[in-house]
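Everything on this sheet refers to the single structure shown next.
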Amino acid sequence: MSLDHLPAAVDLIARLRTAERRVDHEIKTLLNVIQEQMNIGVEEAERKERDTRIAVIGLSLLALAVGLLLTWLSNRALRPIAGLTEAAQRLGRGAPDVVAVPEGGGDELALLAHEFNAMAQRLAARERELRAQGEALVRSERLAAIGRIAAQITHEIRNPLSSISLNAEELGERLRGSQEPGAAALCDAIVREVDRLAVVTEEYLRYARLPKPQLVRADLNEAVRDLLDFVRPELTSAGISLEQRLAQDLPEVLADVGQIRQLLLNLIRNAREAMAGGGAVLVGTRFAEGDVFVEVRDSGPGIPPERLARIFDPFFTTKERGTGLGLALAQEIAQEHSGQLTASSIVGQGTIFTLRLPRAPEERAALVTAAAAEIARTG
Ligand code: ADP
Ligand code: MG
């Protein structure tokens, strides 16, 4: 290389150094910028991370709260179901009258609870009805058995009884003028006792052979009026006043008037027997809720509750010479008429016997039914 080029080379080196410094500076500046950018980026990322973490925590808390709320709500909604389930189990164990679930709220579950309660009530009513029917059946079977035995015994002793009575009477007549003054009186006593036995056996027979009632349309007012005219003398002579209170426009019933008369007569005789020192008997009729009622009230001593529960049992009597069949027969008659005979009493005030009979169907309705049956029969 020639020396002519030296200055140019020095100059070039100088320029190169300047350029290098500039480049150096630029690179530094650039590095600074990059560093700054990186710092900003990192900060941004850190901020975002922080935000995200907060959001995640917030969302988790929210989810937890929603979960808790849902659990609470479903628990609240399902609580009646638990009650219903428990009630259904109790129902299944067979105690419908003690089952009742709360019917709060206005939703489907409340409706279900309402329906459930209604069902439990219907079941309870049905159960009571069945129990009553069962008891009535047992009673009527027992009555039927007693009836058969009574009929047999009565049959065996009725004829001998009447000949004993006749013979004793005859003997009494012969002894009357004889030396033995007490002999005729003894015969009279025999006749009285034998006659009483005959009456008792008659009652047994009537009870044992109670025929199926022959139902016809009947006016109970008329039957009561007739009967009271018949018993008034015997009550009056026992110091008992007799009052009748008959409802106007009493609907007719389907009844065997002879049997109903027997039933009422038993009630009135019991009232008379309960009031040895006199008193009052009131016989009334009324119409209520589709049924016809006859009531026999007395002002006698009343019946204590533990005895009231047994008075309809056959052979239950508190009288020295009672048969205990009067009320059993009366109730049998009521039931044969699809009716009911009940008693209520307050000791010291008196007793009320109530006979309920269904009213007879409307004459026109009965005719229509009969016509329909006729058409169905003949086609
Ligand atoms: P009996 O008259 O033969 O005793 P019942 O069946 O007619 O049989 O009556 C049963 C019992 O019911 C009677 O013995 C009596 O104790 C009671 N009783 C019935 N009616 C009355 C009444 N009106 N007042 C008080 N007790 C009564
Ligand atoms: Mg009686």
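The values are calculated or read from the model by the stated rules, or taken from the named source; none is laboratory data. Note that the coordinates shown come from a computational prediction; the quantities given were computed from them, not determined experimentally. No Cβ is skipped: glycine too gets one built from the backbone with ideal geometry, and neighbour counts run over all protein chains shown. What goes into the accessible areas is simple: the full protein's heavy atoms, side chains included, and nothing from ligands, DNA or RNA. Shrake-Rupley method; radii C 1.70, N 1.55, O 1.52, S 1.80 Å.
General observations
- LEU210 being at pLDDT below 95, within 16 Å of ligand 1 (Cβ to nearest atom), under 27 Å from LEU308 (Cα atoms) and under 32 Å from the mean Cα position of the chain (by Cα): yes
- Some residue of region 242-255 being without any contact (Cβ under 8 Å) to a residue 12 or more places away in the chain and open to solvent by 30 Å² or more (accessible area, probe 1.4 Å): yes
- Any hit, region 324-334, residues being more than 20 Å from GLU252 (Cβ to Cβ), surrounded by fewer than 20 Cβ atoms within 10 Å (Cβ to Cβ) and within 7 Å of ligand 1 (Cβ to nearest atom): yes
So that you can scan it fast, the table gives a plain yes or no per residue for (1) without any contact (Cβ under 8 Å) to a residue 40 or more places away in the chain; (2) more than 30 Å from PHE315 (Cβ to Cβ); (3) touching a Ser or Thr at 6+ places or on another chain (Cβ under 8 Å):
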{"residue": "HIS114", "(1), (2), (3)": "yes, yes, no"}
{"residue": "ALA120", "(1), (2), (3)": "yes, yes, no"}
{"residue": "LEU123", "(1), (2), (3)": "yes, yes, no"}
{"residue": "GLY147", "(1), (2), (3)": "no, no, no"}
{"residue": "ALA151", "(1), (2), (3)": "no, no, no"}
{"residue": "THR154", "(1), (2), (3)": "no, no, yes"}
{"residue": "SER162", "(1), (2), (3)": "yes, no, no"}
{"residue": "ARG176", "(1), (2), (3)": "yes, yes, no"}
{"residue": "GLY182", "(1), (2), (3)": "yes, yes, no"}
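- Extreme residue, nearest to VAL296 (Cα to Cα), among residues of region 353-371 that are more than 16 Å from ligand 2 (Cβ to nearest atom) and either in a strand (DSSP E or B) or open to solvent by less than 40 Å² (accessible area, probe 1.4 Å) (or both): THR354
Residue by residue, here is whether (1) farther than 30 Å from ALA125 by Cβ; (2) open to solvent by 70 Å² or more (accessible area, probe 1.4 Å); (3) free of Cβ contacts under 8 Å to residues at least 24 places away in the same chain holds:
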position: ASP4; (1), (2), (3): yes, yes, yes
position: ALA8; (1), (2), (3): yes, no, yes
position: ILE34; (1), (2), (3): yes, yes, yes
position: GLU43; (1), (2), (3): yes, yes, yes
position: LYS48; (1), (2), (3): yes, yes, yes
position: ALA87; (1), (2), (3): no, no, no
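- Taking the numbered list (1) under 30 Å from GLN340 (Cβ atoms); (2) modelled with pLDDT of 85 or more in turn, ILE54 passes all entries but (1).
- Test for GLY300: is it crowded, with 20+ Cβ neighbours inside 10 Å, within 8 Å of ligand 1 (Cβ to nearest atom), over 29 Å from the mean Cα position of the chain (by Cα) and at pLDDT 95 or above: yes
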